[in-house]
Amino acid sequence: MKNPWIDPDRLPPEEALSLARFINSRADIPDQSQAHAGLVEVLSPQPGDQLLDFGCGTGVIARRLAPLVGEMGEVVGADISRVMLDFARSCGGPAHLRYEQIDGATLPFPDDSFHGGAMARTLLHVENPHATLVELRRVVQPGGRLGILECDWGTLALDHSDRALTRRILDWRTDTIDGNNWMGRQVVGRCLAAGWARADVHVLVTVGRDATTTHFGSVRRCGDLALQNGMIDQSEYDGWVGELDSRLAAGLFFASINEYIVIACK
Ligand SMILES: C[S@@+](CC[C@H](N)C(=O)[O-])C[C@H]1O[C@@H](n2cnc3c(N)ncnc32)[C@H](O)[C@@H]1O
């Protein structure tokens, strides 16, 4: 299936804007906010740092970094999508936070321009992840650090009485929808292959037990997509999603997923 995140500007404008609204509001959900805070904490930005937020989308990470580097520093939010960047600018921010439209395959910055950077939920979508990691390494100073946040759909643990159907739906979703959903487990290897000297990994397990988390909506959407794409029939859908809904109502919904925060050092 076509991945809309490769370049949201290729979509009809209303669809691109709805992706922007989706990621911007998703950042307020507690499990997402926990992952973003974890990325920033491990990256540990210092006052005066010049940082790049690559694949910044609507700027949810850039806006966390800007107060930490202060006005002596600078944060550049960079993204391929004009729609995402316009949305990011409309969210405001200090003068030392700016946005630039770029393509990850060739970054318009000199060698060693940044003290470090962040990249959240983007490497799974870029068309050439190796070239992107090589370019990011080029523009980061020696000794600089890039913090990468990616989850891994292969680590989604969902409780359901129909194990075979659950595996079928989740495996299909993992292998088919929206990018490389095994990126979480691949980030370390890909960073080392791209020439980063070291890649240290921190794992955060987020748990969803009710509808206030991203887990319930994401899992239910797997059922919707599987039905729409002919992977399951209506009676399988009714049984599978029906059990998710009853578990939710009874307080028995349970899903968890691994979020990988990798710090790559040049
Ligand atoms: C899922 S969004 C994540 C946005 C943001 N980092 C966040 O966590 O909310 C992925 C972003 O990567 C951007 N993107 C995809 N391919 C890109 C490329 N080759 N160069 C730059 N940005 C790219 C998309 O436009 C989109 O904004």
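The values are calculated or read from the model by the stated rules, or taken from the named source; none is laboratory data. As the structure is a prediction and not an experimental result, all values here were calculated from the model. All Cβ positions, even for glycine, are placed from backbone atoms using ideal geometry, and neighbour counts span all protein chains on display.
Points worth noting:
- Listed by first and then second residue, the pairs with beta-carbon distance under 9 Å, at least 6 apart or on different chains, first residue in the range 43-66 and without any contact (Cβ under 8 Å) to a residue 12 or more places away in the chain, second within 13 Å of the ligand (Cβ to nearest atom) and outside any helix (DSSP H, G or I), are SER44/GLY147.
For every residue, the table says whether it meets (1) farther than 26 Å from VAL201 by Cβ; (2) within 15 Å of the chain's Cα centre (by Cα).
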| residue | (1), (2) |
| --- | --- |
| TRP5 | no, yes |
| ASP9 | yes, no |
| PRO12 | yes, no |
| GLN32 | no, yes |
| GLY38 | no, yes |
| GLU41 | no, no |
| ALA62 | no, yes |
| GLU71 | yes, no |
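- Counting the residues of the range 245-266 that are out of contact with any Lys or Arg (no Cβ under 6 Å at 6 or more places or on another chain) and not in a loop (DSSP other than H, G, I, E, B) gives 15.
- When the range 225-266 is limited to residues that are hydrophobic (A, V, I, L, M, F, W, C) and without any contact (Cβ under 8 Å) to a residue 12 or more places away in the chain, the one that is nearest to PRO142 (Cα to Cα) turns out to be LEU227.
- Residue within the range 117-128 that is touching a residue at least 24 places away in the same chain (Cβ under 8 Å), charged (D, E, K, R), surrounded by fewer than 23 Cβ atoms within 10 Å (Cβ to Cβ) and closer than 20 Å to ASN3 by Cα present: yes
- ASP28, sole failed condition from (1) surrounded by 14 or more Cβ atoms within 10 Å (Cβ to Cβ); (2) within 12 Å of the ligand (Cβ to nearest atom); (3) under 17 Å from LEU149 (Cβ atoms); (4) within 15 Å of the chain's Cα centre (by Cα): (1)
- The C-beta contact set for the range 146-173 (first residue basic (Lys, Arg), second residue more than 16 Å from the ligand (Cβ to nearest atom), distance under 6 angstrom, 6+ apart or interchain) comprises ARG173/CYS222.
- Qualifying residue in the range 96-109 (condition: in contact (Cβ under 8 Å) with a residue 12 or more places away in the chain, hydrophobic (A, V, I, L, M, F, W, C), assigned to a strand (DSSP E or B) and within 8 Å of the ligand (Cβ to nearest atom)): no
- Put simply, of ASP159, ASP152 the only residue that is surrounded by fewer than 22 Cβ atoms within 10 Å (Cβ to Cβ), among the charged types (D, E, K, R), more than 14 Å from the chain's Cα centre (by Cα) and within 23 Å of GLY208 (Cα to Cα) is ASP159.
- Filter result (in a helix (DSSP H, G or I) and either modelled with pLDDT under 95 or surrounded by fewer than 19 Cβ atoms within 10 Å (Cβ to Cβ) (or both)) within the range 189-201: GLY189, LEU192, ALA193
- Residues (in contact with an Asp or Glu (Cβ under 7 Å, 6 or more places away or on another chain), more than 30 Å from PHE254 (Cβ to Cβ) and within 10 Å of the ligand (Cβ to nearest atom)) located in the range 31-74: GLY55, CYS56, ALA62
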